[in-house]
């Protein structure tokens, strides 16, 4: 069977600078320049994993797994290490599989051909450095978030909004949040029903019959309803109880102020 070349592209969101189009153009431009040297090996396909997290090993990805079963003499072209591999172990595992099968890896980020001994050595070193940088970045993010939590602020790096809060119009997750009045009105209604003697399961059934749904279209299940009632009772805090205790400890035991108390049964926990 004649050898062929395959490009691999991964994007986890539609907002990345490394879009499908950008990576595809880089691969096609690179292979067009190599055709004189490797002619007549064609660029047979661009394998795309769209909406796929880099935390997943390459051979476990929906389309990346296709690259584990290529033929001897085939070529794989990847633009950057973080587009192709989860970590150093994943990269070296893939390289070992390809090396034994006679498949050649081209890493455009460093103009690297991993079919040679020098190329394999450089690839190993580069992967180790890349993983080190990713680990250091994760450490810095944790440090920043811990500092913000000690100041009574939510994480700066995304996540879910606290019950009863939302981002400002056009704002970012790390910007000061604003009250979500639609959710707060539901929380007040759920609290009133709970105080009147209804269980969370009964509130769920009543809301389901009335067509009350969350903003994403899902139903308000008993557990989220319980969180609504709890958030209403606590005055809609922006931080979890664990993070609030961390903040209070940093303030020498002084409790955090909340927007105002709400009345409900003592059994809420």
In the set 59, 121, the lone residue that is under 21 Å from residue 9 (Cα atoms) and either at pLDDT 90 or above or over 26 Å from the mean Cα position of the chain (by Cα) (or both) is 59
Those residues of segment 167-181 which are surrounded by 11 or more Cβ atoms within 10 Å (Cβ to Cβ) and modelled with pLDDT of 85 or more amount to 178, 179, 180
Given (1) touching a residue at least 24 places away in the same chain (Cβ under 8 Å); (2) at negative phi, residue 63 misses just (1)
Of the candidates 73, 33, 64, the one satisfying the condition of being assigned by TED's automatic domain parsing to the domain that holds residue 125, within 19 Å of residue 116 (Cβ to Cβ) and modelled with pLDDT of 90 or more is 73
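The values are calculated or read from the model by the stated rules, or taken from the named source; none is laboratory data. Worth saying up front: this structure is predicted, and the values here are computed from it rather than measured. Because the Cβ atoms are built from the backbone with ideal geometry, glycine has one as well, and the counts that use them run over all protein chains shown.
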